[in-house]
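The block underneath contains the structure these notes are about, expressed in structure tokens.
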């Protein structure tokens, strides 16, 4: 059984590498989401099943986004403690039954709007 997956959208190479190193003790899979994959459902990104991305698609958004698919709350808490120093100011989300079918683009849009409403951005 997988310990979980970390989806990384729009991270610079050095930050993505640092995140991989930081979470390696937890046995998580880390996946950098390519800009042309922003419009694929999270489920497809996590399973590898679903439509192929268009190689010509432009990025749907530019800000870094970290999406956690973690099986339990204690594991999520440990993960958040590990990545916090590397991801200050980065939008973060947990995969839920509702957003599993959303695209990365939609999830980012929802998070940006929520942060705007709360006065965080």
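Values quoted throughout were computed directly from the atomic coordinates according to the rules given, and no laboratory measurement underlies them. Bear in mind that the values here come from a model prediction, so they are computed numbers and not experimental data.
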How big is the convex hull of the Cα atoms of segment 5-117, per residue, in Å³?
106 Å³
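Return the calculated 222 nm mean residue ellipticity for the chain, to the nearest 500 deg cm²/dmol, obtained by summing -39500 (n - 2.57) across DSSP H runs with n ≥ 4 and dividing by the residue count. Please list the in-between numbers first.
Numbers: 4 runs with 42 residues, N = 121.
Helices in the chain give a 222 nm mean residue ellipticity of -10500 deg cm²/dmol.
Please state, as a whole number in µm²/s, the translational diffusion coefficient that the Stokes-Einstein equation yields for segment 45-102 at 25 °C and 0.890 mPa s, with Rh defined as the Kirkwood radius across alpha carbon pairs. Please list the in-between numbers first.
On the way: Rh = 13.7 Å.
Using the Kirkwood radius from Cα pairs, D works out to 180 µm²/s.
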Whole-Å distance linking the alpha carbon centroid of segment 76-92 with that of segment 31-69 is 20 Å
